[in-house]
1. One residue is enough: does region 19-29 have a residue meeting the conditions among the aromatic types (Phe, Trp, Tyr) and either modelled with pLDDT of 85 or more or touching a Pro at 6+ places or on another chain (Cβ under 6 Å) (or both)?
2. Mind listing whichever residues of region 41-64 are surrounded by 10 or more Cβ atoms within 10 Å (Cβ to Cβ) and either among the charged types (D, E, K, R) or under 13 Å from residue 11 (Cβ atoms) (or both)?
3. Would you be able to say whether some residue in region 12-22 is within 16 Å of residue 68 (Cα to Cα) and without any contact (Cβ under 8 Å) to a residue 24 or more places away in the chain?
4. Being surrounded by 12 or more Cβ atoms within 10 Å (Cβ to Cβ) and of a type in the set (Ser, Thr, Tyr) is the filter; apply it to region 21-36 and report the residue that is farthest from the chain's Cα centre (by Cα).
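The values are calculated or read from the model by the stated rules, or taken from the named source; none is laboratory data. All figures in this text were calculated on a predicted structure; none of them were measured in a lab. Don't worry about glycine lacking a Cβ; one is built from the backbone with ideal geometry, like all the others, and counts go over all protein chains shown.
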Amino acid sequence: TRYKCLLSQNCGGLVQGPNGTIESPGFPHGYPNYANCTWIIITGERNRIQLSFHTFALEEDFDILSIYDGQPHSKSFGKCGM
């Protein structure tokens with residue numbers, strides 16, 4: 001039996017402080033297939049986080065963006081794609 005292995009490229013990181021930038025690998029060019037990026041944004045207590053998308057594109061049926069308040073699946077703010 002033959003199996004096809006799909007290797008995902010992990011990316012992401014930690015963003016702290018008053019501001020920061022999040023970019024996909026290879027930006028502004030295309031990102032690798034099966035990229036799986038997780039970014040954690042930390043701010044001080046009682047501070048707000050504002051997300052602004054300057055360039056944003058999802059490949060239909062393949063890409064997804066999820067935003068959570070806390071751990072994944074705890075409280076989802078929004079989901080785009082698929």
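1. yes
2. Matches in region 41-64: 59, 63.
3. So far as region 12-22 goes, yes, one or more of its residues are within 16 Å of residue 68 (Cα to Cα) and without any contact (Cβ under 8 Å) to a residue 24 or more places away in the chain.
4. Looking at residues that are surrounded by 12 or more Cβ atoms within 10 Å (Cβ to Cβ) and of a type in the set (Ser, Thr, Tyr), I get 31.
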